[in-house]
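Read the structure below first, then the notes.
Each value in this text was obtained by applying a stated rule to the coordinates, not by laboratory testing. Computed from a predicted structure; not experimentally measured. Don't worry about glycine lacking a Cβ; one is built from the backbone with ideal geometry, like all the others, and counts go over all protein chains shown.
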Amino acid sequence: MKHRLYVDEVGNSDLNASKDPNHRYLSLSGVIMELGYVQTAVFPAVEALKTKYFNSHPDEPLILHRKELVNKRYPFHALRDPEKEREFNHKLLTLLR
């Protein structure tokens, strides 16, 4: 049985301490999933969310970057609508559970 590992880092990887408390630390997070589950359930569901809320297209794949999502920057500006943001967050969290 094959698995896929997703890893993401947030923060400052510099060995010198940052004066900015929002960038003082480095966090490394990961999740491992069975590859068949990723292919049949997770990937299609995430792609559907990206298409619905952000008009993602296979020729220009959209990557969900936390910082841009939180700040509602392009291409995530649709989240400036509080109702759409609430709905997107609910659907994403439901998918990840």
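Which one, Leu64, Leu26, Leu35, has the greatest fluctuation when you compute a Gaussian network model over the chain with C-alpha springs under 10 angstrom?
Top of the fluctuation ranking is Leu26.
Place a +1 charge on the Cβ of each Lys and Arg in the chain and a -1 charge on the Cβ of each Asp and Glu, then give the dipole magnitude about the Cα centre in debye, rounded to the nearest 20. Before the final figure, lay out the partial values.
Working: 15 positive and 13 negative charges, 45 e Å.
Its charge dipole is roughly 220 debye.
As an exercise, identify the chymotrypsin sites (Phe, Trp or Tyr not before Pro) in the range 15-97 lying in DSSP coil whose Cβ has no more than 12 other Cβ atoms within 10 Å.
Numbers: sites: Tyr25, Tyr37, Tyr53, Phe54, Phe76, Phe88; in loops: Tyr25, Phe76.
Passing both the DSSP loop test and the Cβ count: Tyr25.
Below 11 angstrom from the Cβ of Lys52, what's the summed charge of the other residues (Lys, Arg +1; Asp, Glu -1)?
Values: positive: Lys50, Lys84, Lys91; negative: Glu47, Glu87.
Value of the local net charge: +1.
Sort the range 3-96 into rounded, prolate or oblate with this rule: let a ≥ b ≥ c be the square roots of the eigenvalues of the Cα gyration tensor; rounded if a/c is under 1.5, and if a/c is not under 1.5, prolate when a/b is larger than b/c, oblate otherwise. The partial results should precede the final answer.
Values: a/c = 2.18, a/b = 1.28, b/c = 1.70.
Judged from the Cα gyration tensor, the range 3-96 comes out oblate (a/c at least 1.5, b/c at or above a/b).
Taking 0.36 nm per residue of separation and subtracting the Cα-Cα distance, what length does fully extending Glu47 through Arg73 add?
Working: separation 26, 0.36 × 26 = 9.36 nm, distance 1.90 nm.
7.5 nm is the gain from fully extending Glu47 to Arg73.
What number, in percent, do you get for the relative contact order of the chain if the mean sequence gap of Cα pairs under 8 Å and at least 6 apart is divided by its residue count?
Working: 78 pairs, mean separation 20.8, N = 97.
Relative CO of the chain lands at 21 percent.
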